[in-house]
Amino acid sequence: MQALLAHLQAHGFDTAPRPAGLDADWERVTFLPGKIADIERDAEMQSAPALLSAAGWLRRYHDCTAPIAANWAKRTWQLPPREPLDVICHGDFAPYNIVLRDGKLAGVIDFETAHPGSRIWDLAYAIYRWAPLSSAIVAHELSRIERQIERARVFLEEYGLNSELRATAVDGIITRLEALVSFMETEASKGSAKYQRNIEEGHDRLYRQDIAYIQRHREQIVAGVSSLT
């Protein structure tokens, strides 16, 4: 992670933490001032400026890491590289890892699950979280499937993904969540306290519910995100 953050710093990304070295147990990074908020409870995090600035940041981040992705595949990553090696995926580009200032993205944190992979792989999880495409959302503003689809479309459009690839991104959400559940279960079976706790808290069940939700609405989602304004 330190090398990735150093690469971002060298390319002018002041919205990512700067590497601050290692100690016995932790990788240290600098602090990013601003607000971290729950998208279900915070109007600023739900806003169009937050959504648009997040999508724009992810595109710039992917473009910045594209030249190093293939060469860095043999480095040690928490998650395994996944072909095609287009970019360094953030791995968890979700509202809870965003720092807001004045209603817009001012920082991105938690690069622990970064790994080489495809743009679609990273985008799939991003739109899952930013739409958010989930049946468990209780916030009125975000709970309707039509609103979720519109937010996903806006995110993909601001990112610059052409309409022909957007169905691939939707299907990628399902594949991404299935892989996440499998990884969680494997790590829990190996004795990981973190993932054992995740399963005890029902994270795997929630992801499976969301997989079913997205599959049920797939045609509607694909049609909605593929439309051009």
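The values are calculated or read from the model by the stated rules, or taken from the named source; none is laboratory data. In this text, all values refer to a predicted model and were calculated from it rather than measured experimentally. Don't worry about glycine lacking a Cβ; one is built from the backbone with ideal geometry, like all the others, and counts go over all protein chains shown.
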Query raised in the report: Conditions: (1) closer than 18 Å to Phe111 by Cα; (2) in contact (Cβ under 8 Å) with a residue 40 or more places away in the chain. Met45 meets all but one. Number of the miss?
Result: (1)
Query - When residues of the stretch 133-170 are limited to those that are over 18 Å from the mean Cα position of the chain (by Cα) and of a type in the set (D, E, K, R), the one modelled with the lowest pLDDT - result: Glu141
Report summary line: Within the stretch 13-33, residues being more than 14 Å from Val108 (Cα to Cα) and not hydrophobic (A, V, I, L, M, F, W, C) number 5
Query raised in the report: Would you say Leu52 is assigned to a helix (DSSP H, G or I) and under 12 Å from the mean Cα position of the chain (by Cα)?
Result: no
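Suppose we filter the stretch 21-43 for residues that are assigned to a loop (DSSP other than H, G, I, E, B), of a type outside the set (Val, Ile, Thr), out of contact with any Gly (no Cβ under 7 Å at 6 or more places or on another chain) and surrounded by 12 or more Cβ atoms within 10 Å (Cβ to Cβ); how many remain?
Adding up the residues that qualify gives 3.
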